[in-house]
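A.B. asks: Below: one structure in C-alpha cells.
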Amino acid sequence: LQTSIERYGVPARALMVEVTESSLMTDPARAASTLLSLAGLGVGVSLDDFGTGYSSLVHLKRLPVSEVKIDRSFVMRMDVNEDDAAIVRSIIDLAGALGLRTVAEGVETRDAWDRLAVYGCDAAQGWYLAKAMAAEAATHWLYDIRRVGAGPAAGDGGRRSAQPRRLGLAAGDRSMLA
C-alpha cells in the first residue's frame, strides 16, 4: 500500500480502509497489527457494520479507528422503531465523544436524512441520496454535489436541501455504482 501511495502520489489521508467488526474477531492480534500499520501510514480506518456481530467498545478504545459506520439494519428501521432510533443516536453520541466520524448506512427516506442531521451524524449513504449509476455518471454526480453542496440528490427530485446541514455524503458509497 505504501508503494502504491508513493507511486501514484495519493495522500494517505485521502484513503479509508473499511473493516467489519466480525473480521476483527477472526484474528484480533493480526487485525490490530495491520490497523496500526495503516494508521502509521496515515490511512484512515472505518469500522463497518458497527452495532452488529461482535460489537465491543474495546475496538473503539484500543484500535486506531477514525470512523464508525452505523449498520443499515438500525438506520432503516429508526423511523418506525424507537429502540433502533435510540441505538443510532447512542452510536453517534459515543463516536462523537471519542472524536470519531460517523456514517449512517441505508438512508432511504427524507425522514431518516432529517433525523440523522438532528442527531449530528457526519455523513450518510443510501438510496435516498442516489440510485445506482455507472462510474462515469457517478463522477459527474459527485462533481455536481461538490459544486452545489451536500444534500439529497434523489428522493427530492434532484433538488438540494435549502437548509444548512452538518450531514454530508459519504463518497465511498458502493451502492452508487452499478
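The values are calculated or read from the model by the stated rules, or taken from the named source; none is laboratory data. If you're wondering where the values come from, they're calculated on a predicted model, not measured in any experiment. Neighbour counts are summed over all protein chains in view; Cβ atoms, including those assigned to glycine, are modelled from backbone coordinates with ideal geometry.
A.B. asks: For the structure I just gave you, tell me whether ASP48 is in contact with a Lys or Arg (Cβ under 8 Å, 6 or more places away or on another chain) and among the charged types (D, E, K, R).
C.D. replies: Yes: the conditions hold for ASP48.
A.B. asks: I'm checking my understanding of the structure. Among residues of the range 96-119 that are more than 12 Å from the chain's Cα centre (by Cα) and within 18 Å of VAL65 (Cβ to Cβ), which one is surrounded by the most Cβ atoms within 10 Å (Cβ to Cβ)?
C.D. replies: Among residues in the range 96-119 that are more than 12 Å from the chain's Cα centre (by Cα) and within 18 Å of VAL65 (Cβ to Cβ), the one surrounded by the most Cβ atoms within 10 Å (Cβ to Cβ) is GLY96.
A.B. asks: Sort through ALA124, ALA138 and tell me the only one that's modelled with pLDDT of 60 or more, among the hydrophobic types (A, V, I, L, M, F, W, C), under 18 Å from MET16 (Cβ atoms) and touching a Phe, Trp or Tyr at 6+ places or on another chain (Cβ under 8 Å).
C.D. replies: Just a single option satisfies the conditions, and that option is ALA124.
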